[in-house]
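Below you'll find the structure, written out as structure tokens, and then a few comments.
The values are calculated or read from the model by the stated rules, or taken from the named source; none is laboratory data. Everything numeric in this text was worked out from a predicted model, so none of it was measured. With ideal geometry, Cβ positions are generated from the backbone for all residues, glycine too; neighbour counts draw on all protein chains shown.
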Amino acid sequence: MMYSIVSTDPKTVRSLRSEVAVGLEQIVNKALAKKPEERYQQVDELLADLKSPTQKSESKKTFPTRKFAVEKRWYLYAGLAVLILGVILAGIFLRPKPAEAIDSIAVLPLENMTGDPNQEYFVDGMTEALIANLAKISSLRVISRTSVMQYKKARKPLPEIARELKVDAVVEGSVMRDGDRVRITAQLIHAPTDRHLWANEFDRDLRDVLALQREVTNAIVQEIQIKLTPQEAKRLPNLLPIDPEAYQLYLKGRDYFNNIDFDKGVESFQKAIHLDPTFASAYAGLAMCYVWTRVAGPSGGAPPREVFPRALAAATKALTLDENLGEAHTALAMVKFYYDWEWDSPDQDFKRALGLEPQNTTILLSYSVYLNLVGRFDESIVLLQKAIALDPLSPIFSTLIGRTYGLARRYDESIANLRSVLEVYPNHFAVIYQMGWNYLFKGMYQEALAFADKGPTFHHRIYIYAVAGRQNEALKILDELHEFSKRHYHDAFWTAVAYVGLGDRDKAFEWLNKAYEERSASMVFLKTEPAVDPLRSDPRFVELSKKIGLQM
């Protein structure tokens, strides 16, 4: 604001209210002149112009006598007070407002103006940070990163993008970087009318990038006239300086996490922490990467006994430095659930995380999966539907709704839900996985085999082939699984599931006990996974369930 007062010409009164007299506009312009010598020098000069505002006054510079000053003092004070009040009211009532209330917004990918394609991660990180800051405002629906990134370098008209995302307004802009200086140019557009509401530039040193992000966020919030609660204002990034190199490594870590390359994410976050041991968000990112290396799939990565203690240490450190990091609370909840096999306490951590970041789709995803695995299917679907509203172009949440119906043994609803996803994403591995289960557990073996042929995991294909009568093919894939396990970590729980499909209960329990000894994250599937239903009547299953704190 100080920069604008000194350097930027204000909008003219008549551009905001065409019916205002030209003379009055000239008075205001003169009163706001940048150079002091061009402004009114004496009060009587201003008063003379105010007497005839409908036409330009040719007032003369006169110096009042003491008699004039004494007799007219109160009139002058009154006139000056009226003028000041008028300027204040003009600032309130002449300020352009959106044609309609803005309750939803999309931050489109900021354009890389650095001239260096290798800086894409940095620019995308600025976009993500702006989305994350705005998403902390509960009264404003903010489209998530996954959906908006699909418009990167797109040339669609903004009203069309807004219709697809169902938002009232769009923020677009660019990032320029020159050494350690960062400039963000942003503009706010009323999407249905394609009308520009506001534009500005923000320029800071890279060490002050968090303050820069907060400045842009506050400007947008002020323009759309949404009032932050004290709690929401507190959740915006702090204004502390940050090591520029550490921040760039942090953004690389976020980029790796978003692209499901968790091992590289771990490496980048560790490097950022090495440069800045007080970087709370880097610890939170590190914790999430650790957790998802074991939760995202049965194969690859380090064993649970190595990964989860590291995740716990990183999450705890993050919360020691900043208790308002929703993803750190989420990582803590996931360690409690997947590693410590605590079935109830993670719920409070997930709720705390959502209270801090109600529109964080990673938290919504993590919480909904937890609810599925403890059997709270309806609550999970409510969260997933909220996530779809925030991330309408991503298939993951619709797919998870299909998975939820499958875990609830509502196979027809799962199939109906996933068919629409399959039309758009015919090779989506999670859709193929769940559709194979749906048809198999309905006894429709031919349909299940069609999905098993494209199946993404060993145990899925082995189970379906074996149950559908193609035992030899199942055994061949089992050999491949054991060969793979000699070279890479493979979750023993899912090897046990393969043996369930083959009808070998003794081998299945042998591998389940191995999974227990390894503290496999997948042991939490014992409560709701249909693939282990053939074991539920076995006393060994009841005993194993008690050992992980599961009450059947």
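Structure summary
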item: Residue match in segment 122-136 (condition: touching a Lys or Arg at 6+ places or on another chain (Cβ under 8 Å), surrounded by 15 or more Cβ atoms within 10 Å (Cβ to Cβ) and farther than 20 Å from Thr361 by Cα); result: yes
item: Qualifying residues in segment 376-396 (those that are assigned to a helix (DSSP H, G or I) and not hydrophobic (A, V, I, L, M, F, W, C)) - the one surrounded by the fewest Cβ atoms within 10 Å (Cβ to Cβ); result: Asp378
item: Any hit, segment 227-244, residues being part of a helix (DSSP H, G or I), at pLDDT 85 or above and either more than 28 Å from Phe269 (Cβ to Cβ) or of a type outside the set (Ser, Thr, Tyr) (or both); result: yes
item: Filter result for the condition that a residue is polar (S, T, N, Q) and more than 30 Å from Thr229 (Cβ to Cβ), over Ser414, Ser380, Ser368; result: Ser414
item: Leading residue by the ranking (nearest to the chain's Cα centre (by Cα)) among those in segment 404-462 that are among the basic types (Lys, Arg) and more than 20 Å from Leu373 (Cβ to Cβ); result: Arg419
item: Test: Arg254 is closer than 22 Å to Tyr370 by Cβ and basic (Lys, Arg); result: no
item: Residue check for Leu365: under 24 Å from His459 (Cβ atoms), surrounded by fewer than 22 Cβ atoms within 10 Å (Cβ to Cβ), modelled with pLDDT of 95 or more and within 20 Å of the chain's Cα centre (by Cα); result: yes
item: In segment 397-416, the residues that are surrounded by fewer than 20 Cβ atoms within 10 Å (Cβ to Cβ) and assigned to a helix (DSSP H, G or I); result: Asp412, Glu413, Ala416
item: Answer residue from segment 151-185, given it is assigned to a helix (DSSP H, G or I) and farther than 27 Å from Asp203 by Cα and is nearest to the chain's Cα centre (by Cα) among those; result: Leu165
item: Residue list for segment 453-495, restricted to those being more than 30 Å from Tyr339 (Cα to Cα) and assigned to a helix (DSSP H, G or I); result: Tyr465, Ala466, Val467, Gln471, Asn472, Glu473, Ala474, Leu475, Lys476
